[in-house]
Amino acid sequence: MPDLKKLQIVARFELLEALRSRLFIIVVSMYGAGAAIGSYVFLRTVAAAEAVVRKGLADQLRVEESQLPQNLVKENLIPMVLGLFDDSLKDTLLGMPLLTIFYGIMALNFVALLVLVVSTGTMASDLSTGAARYALFRCDRLTWALGKLLGQELLLATGLAVGALTAGLVALGVDAAFEQETWLWLFRTSFRAWLYGSAYLGLFCGISLISRSPLRARALALFVWIGVGITHSLVTSEFVNDRVPVRSLGYVFPAAHRESLWSPDWNTYLLAAASLLAFGAVCFAAGHAVFARRDA
């Protein structure tokens, strides 16, 4: 069993060291800048498109533009966005601010890459320099590894919060109709991305535990990430399933649960969250099992 007090010390040290690292500052700055620029362009585009859609609907229905229901405008405004999701999520998405849908899609698409760049080399770096040995004199391997993982989980949450805060501040300055509840939606969306990113964090940290070079760990993680995506696409494709029924294997992969994180149904949402956390935990445990049998 891990020592909880020492685990907390390792996690706090890992978080503080990571926050001071140049790599984290660069990546989060780029992530924040991307969120800011993307949100600005998106909001300007939506404002222009909404004016056109609202006028067209008003002319078609022969009513004043101010009398048009906002949901009707939104439904006609973003058919391509709604088309990315299952029809059962349509009502939920129509009730969300458009910015949060945009930010949610971007965060879920890029969170694995953020984890790969920032977190993958952390354990491999300590193992390659021998710094891990100093910590392992004072705590067992499981406590050290879990402490590092927890620190990276907190770091991931910090990075996503920065992105949500940046997107919200841009919207606050650009959108005259900005609603305060948008903040709640943005941070709820960040929590979804954190759950999804945690699956890959467990996978990449497990790889980091068995690698003695940060560069090698990142390279291996990149190939595994690509391989996981390709394998999921194959086992869920019609071409493969027409010959071998393996579609159920698709639920093993994180991508199978990404859309379920948007679901208003708590059973669906919790099942997706549990599946993602379990995927990360199993991958991390596999990496630790190898690490526990090797010299640090």
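Which one of these does Arg62 not meet: (1) at pLDDT 75 or above; (2) of a type in the set (Lys, Arg); (3) farther than 28 Å from Leu160 by Cα?
For Arg62, the failing item is (1).
Does any residue of region 242-250 turn out to be within 20 Å of Ala112 (Cα to Cα) and in contact (Cβ under 8 Å) with a residue 24 or more places away in the chain?
To start, the set of residues in region 242-250 that are within 20 Å of Ala112 (Cα to Cα) comprises 250.
Filter again for in contact (Cβ under 8 Å) with a residue 24 or more places away in the chain, leaving none.
Looking through region 242-250, none of the residues is within 20 Å of Ala112 (Cα to Cα) and in contact (Cβ under 8 Å) with a residue 24 or more places away in the chain.
All but one of (1) surrounded by fewer than 23 Cβ atoms within 10 Å (Cβ to Cβ); (2) of a type in the set (Ser, Thr, Tyr); (3) within 21 Å of Leu222 (Cβ to Cβ) hold for Thr120; state the number of the condition that does not hold.
Thr120 satisfies all of (1) surrounded by fewer than 23 Cβ atoms within 10 Å (Cβ to Cβ); (2) of a type in the set (Ser, Thr, Tyr); (3) within 21 Å of Leu222 (Cβ to Cβ) except (1).
Got a sec? Which of Ser275, Ser263, Ser248, Ser233 is exposed (fewer than 13 other Cβ atoms within 10 Å of the Cβ), out of contact with any Ser or Thr (no Cβ under 6 Å at 6 or more places or on another chain) and either closer than 26 Å to Val111 by Cβ or not aliphatic (A, V, I, L, M) (or both)? Write out each step before concluding.
Details: Ser275 fails: exposed (fewer than 13 other Cβ atoms within 10 Å of the Cβ); Ser263 fails: exposed (fewer than 13 other Cβ atoms within 10 Å of the Cβ); Ser233 fails: exposed (fewer than 13 other Cβ atoms within 10 Å of the Cβ).
Selected residue: Ser248, the only one of Ser275, Ser263, Ser248, Ser233 that is exposed (fewer than 13 other Cβ atoms within 10 Å of the Cβ), out of contact with any Ser or Thr (no Cβ under 6 Å at 6 or more places or on another chain) and either closer than 26 Å to Val111 by Cβ or not aliphatic (A, V, I, L, M) (or both).
Counting residues that are under 30 Å from Thr129 (Cβ atoms) and among the hydrophobic types (A, V, I, L, M, F, W, C), which helices (runs of 4 or more DSSP H) fully inside region 196-296 reach at least 1?
Working: elements: 214-235, 238-241, 266-291.
Passing ranges, in order: 214-235, 266-291.
Which of (1) surrounded by 19 or more Cβ atoms within 10 Å (Cβ to Cβ); (2) farther than 30 Å from Ala145 by Cα is the odd one out, the single condition Phe239 does not satisfy?
(1)
Hey, among the residues in region 174-202 that are polar (S, T, N, Q) and at pLDDT below 95, which one's surrounded by the fewest Cβ atoms within 10 Å (Cβ to Cβ)?
Gln180
Among the residues of region 162-171, are any in a helix (DSSP H, G or I) and either of a type in the set (Lys, Arg) or in contact with a strand residue (DSSP E or B) (Cβ under 7 Å, 6 or more places away or on another chain) (or both)?
So far as region 162-171 goes, no, none of its residues is in a helix (DSSP H, G or I) and either of a type in the set (Lys, Arg) or in contact with a strand residue (DSSP E or B) (Cβ under 7 Å, 6 or more places away or on another chain) (or both).
How many residues does region 86-140 hold that are over 16 Å from the mean Cα position of the chain (by Cα) and either outside any helix (DSSP H, G or I) or under 16 Å from Ala35 (Cβ atoms) (or both)?
12
Taking the stated definitions as given, is Gly163 closer than 26 Å to Ala278 by Cα, buried (at least 22 other Cβ atoms within 10 Å of the Cβ) and out of contact with any His (no Cβ under 8 Å at 6 or more places or on another chain)?
Spelling it out, Gly163 is indeed closer than 26 Å to Ala278 by Cα, buried (at least 22 other Cβ atoms within 10 Å of the Cβ) and out of contact with any His (no Cβ under 8 Å at 6 or more places or on another chain).
Please indicate, with yes or no, whether at least one residue in region 2-20 is touching a helix residue (DSSP H, G or I) at 6+ places or on another chain (Cβ under 7 Å), in a loop (DSSP other than H, G, I, E, B) and in contact (Cβ under 8 Å) with a residue 24 or more places away in the chain.
Yes, the conditions are met somewhere in region 2-20.
The values are calculated or read from the model by the stated rules, or taken from the named source; none is laboratory data. Being a predicted model, the structure only gives us computed values, none of them experimental. Positions of Cβ are generated from backbone atoms using ideal geometry, with glycine treated the same way; all protein chains shown enter the neighbour counts.
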